[in-house]
Each structure stands twice: as C-alpha cells, then as structure tokens.
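**Student:** Could you have a look at this structure, given as structure tokens, before my questions?
The values are calculated or read from the model by the stated rules, or taken from the named source; none is laboratory data. If you're wondering where the values come from, they're calculated on a predicted model, not measured in any experiment. When we count neighbours, we look across all protein chains shown, and the Cβ atoms used for this are built from the backbone with ideal geometry, even at glycine.
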Amino acid sequence: MVAEAASPRRLGRRKVLDGLRGVAILLVMLMHTDVLHNGYVGVDLFFALSGFLITCLLYEEWDGRGVISLERFYGRRARRLLPALGLLILLALVINVASYRLTGWPFALKALASASFVNNWLAATGHASSLGSFNPTWSLAQEEQFYLLWPPLLLLVLRRGAGPRQVAVLLLVAIATLLALAPIGAGRGYAVYYSPAARSAELLAGCLAAVAWRHRLASLPHSLPLGLPAGLRVLARRARSLRSPLALVLACLFIGLLLDRGLPSVRVYLSACALSVGLIVLLIGAPTCILARVLSIAPLRFLGRISYGLYLYHLLLRNVVYHYLPGGSVYVNAALTIVLSIALATISWRLVESKLLRRAAPAPQRRRVPEQRHPLAPARA
C-alpha cells in the first residue's frame, strides 16, 4: 500500500483488539471443556497480541519521552499479573483443603512453580499433567520471561540509534534462530507444544508486526507508484480497500485450522500465530469492515477485558465441575464452567485487578529529545 505519511502510527484504544482477545479466551475455554479440539490456537492469538501491544506501547513511550521506564513498565505488569495469580492460588488452596485433593504434584510445589514463572519449562520437559489446574500458567510464564527480556533489549538497541528497519531485521533473525532451535518433532522428554523457543518466536512475531505497522515498513513510498505500470498504480491506490477482504480470507483460514484435526499441533499453532499477526494488522487498518465490527461488539470486548482472569480460573473451575458432575453432558458442563468462570473473572476484575491498575506509578521525568530523531507528539498517558 502507499505510504500516507512519514510519522509513525499511534495505537490508541482499539475496540477490535479487545474483541480479538475475547475470541482467544473463548477458544481456549471451549478446548478445555472438550467442545473444540483445536481451540488451543487461542493461545497463539494471545501471544501475537501481547507482542504487538507491548511493542507499540514501548515505542510510544520512547518517541514521546526519549526513554523507556523499565521501573514503570514492570510495576504495571506486576499490578496486572500478580493479583489474579494470587487469587488463583488462594482459590485452589481452598478447594484442595475443603473440597477434594487436586491432581498432580503436591499443592505447595505447584503453587511455588506457578509463582516463580517457570511452568513453561516444566511443561516442555514433560510435566504438563503434573501442574493440574495450574497448567494455564505455562503461557503466563512464557509471557513473563518475554516481559523480562524484550523491553530492556529494545531500549538498548534504541539507545544505540537503531531505526525501525534495523529493529525489524534483528527481530527476523531472532525469530528464525528460535524456530531453528525449536524441536519440530516429538522428542524424548520434550513436549513440542510447550516449546519455549517456538513460543518466544510467536511473541517476537507480534513485536515484528508492531514495528512494521507502526513505521509503515510494508508501505510503498509516494514516489514509487509513479514509475509503475498504470494497472499496478491503480492497485497500489486501492490497497486500502483490500484490507477487508484479506482479513476475511485470513479469518477463514484461521477457522480452517480450528476444524482440521489431522494437522500436527506444531503446524497448527505456528500457522495460527502467522494468521493472527496478519489479522491484527489488517483489522486495525480497516476498523469499519464487517469482521472488525463483529469483533468489536460489547460482549466480546468485555470478555477481552476480563480475559486474563478467565484464562487463569477456568481450568480450575472446569475440574471442579467435572469432579462433581462426572457423568454430565459435555455441553452442560461446558456452559456451567464458562458461566462460573465469567462470574469469577468479573468479580476479580472489578474488585481487585482494575483497582490496582488505576494506581499508576509516577510517570518518568521527561527527557529532552533531539528534534531530528523524535519529532513526535507526547505518548499516551
């Protein structure tokens, strides 16, 4: 498509991204309640969204203030992640003591591993089932390790004067290296689905999409279409109108992954991440298309808002439902699990998580930025 301006795009609040997050958590819950076999691809959508959003926010802070405050970033991440995780551990403890003994490792060991954010490595080395109701924390651990490494690395390369194209090349090299290192077949003692290397590549794919979208790296310069044949010039000018049909095509391919039970899991989840990255970029660019409007409906946005709590609590509640209703209908148990999960996640969000998030850390002191490098407006508060 033709570049519209030289200045980077700003993310702001995008309803469609909340809706995508809502779809992602629905897919995961439907998988864990035995309704949808390939619903685990919702995790890949989460990873792509996480890398995209975090990178956009870090770039906006750098462009606006000339600095990325790691203290502020980690403070906000702690307020976002730890309260709901603490509530999960507390709720699981109550069930383990007062109701029935949870499966897997001893409770204290599972809780310690979850709070230490190492469960992705434990799951990858064959201990996923030992985590029991704490199994969802494997992806939380994967994201936490991403949070620990990516912001300081991005800050380092930005301080050294790396431009968007250099950052994109570094990300491409890192993604290729991680995928090359990740086992692609079932190895002895290694669960490919939980591969920390492959999952890190998915998060970095979201980062790459953010850099490319924000700085228009895939856009044609204004002068280039003038040298193209007439037909290609028309196509370049109409590239914006192609976003909506392309998004629909990617959505159909994503649905195809959901329904194809014959594909190996590694191919499914890596393909799902690639499709998710494309969908994110296209839907942001076409907020009025029919798919974006459907994804932006209030119920999906609400599920997206409480998705973290839903993700943490739903497997524990599912196991409780199946423990007390072992012979119940799959669909009845699934509906009950989802209703209970939404209720608990809503309470958690409104009474705990959102209140702590409002206690924002003091903004870092604004540093004077050389005008020729950072001529942008202040970052979003």
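**Student:** When you look at LEU336, is it touching a Ser or Thr at 6+ places or on another chain (Cβ under 6 Å) and at pLDDT 95 or above, yes or no?
**Tutor:** no
**Student:** Test of understanding: among LEU317, LEU351, which residue is of a type outside the set (Val, Ile, Thr), over 18 Å from the mean Cα position of the chain (by Cα) and modelled with pLDDT of 95 or more?
**Tutor:** The conditions single out LEU317.
**Student:** Right, something else. Quick check on region 57-77: of everything there that is more than 20 Å from ARG358 (Cα to Cα) and of a type in the set (Phe, Trp, Tyr), which residue is surrounded by the fewest Cβ atoms within 10 Å (Cβ to Cβ)?
**Tutor:** Out of the qualifying residues, it is TRP62.
**Student:** Restricting to region 264-296, and then to whatever is in contact with a helix residue (DSSP H, G or I) (Cβ under 7 Å, 6 or more places away or on another chain) and outside any helix (DSSP H, G or I), can you tell me which residue is surrounded by the fewest Cβ atoms within 10 Å (Cβ to Cβ)?
**Tutor:** Top of the filtered list is PRO287.
**Student:** If you take the residues of region 130-188 that are among the small types (Gly, Ala, Ser) and surrounded by fewer than 15 Cβ atoms within 10 Å (Cβ to Cβ), which of them is nearest to TRP213 (Cα to Cα)?
**Tutor:** Within region 130-188, the match that is nearest to TRP213 (Cα to Cα) is GLY163.
**Student:** Evaluate the following for ALA236: is it at pLDDT below 65 and within 26 Å of PRO164 (Cβ to Cβ)?
**Tutor:** It is true that ALA236 is at pLDDT below 65 and within 26 Å of PRO164 (Cβ to Cβ).
**Student:** To continue, here is another question. Would you point out which residue out of ASN96, ASN38 is touching a Leu at 6+ places or on another chain (Cβ under 9 Å), under 27 Å from GLY328 (Cα atoms), assigned to a loop (DSSP other than H, G, I, E, B) and polar (S, T, N, Q)?
**Tutor:** Sole residue among the options that is touching a Leu at 6+ places or on another chain (Cβ under 9 Å), under 27 Å from GLY328 (Cα atoms), assigned to a loop (DSSP other than H, G, I, E, B) and polar (S, T, N, Q): ASN38.
**Student:** Could you tell me whether any residue of region 112-126 is surrounded by fewer than 18 Cβ atoms within 10 Å (Cβ to Cβ), polar (S, T, N, Q), at pLDDT 95 or above and within 30 Å of HIS314 (Cα to Cα)?
**Tutor:** yes
**Student:** Could you check how many residues of region 58-86 are outside any helix (DSSP H, G or I) and either without any contact (Cβ under 8 Å) to a residue 40 or more places away in the chain or among the small types (Gly, Ala, Ser) (or both)?
**Tutor:** Residues meeting the conditions: 2.
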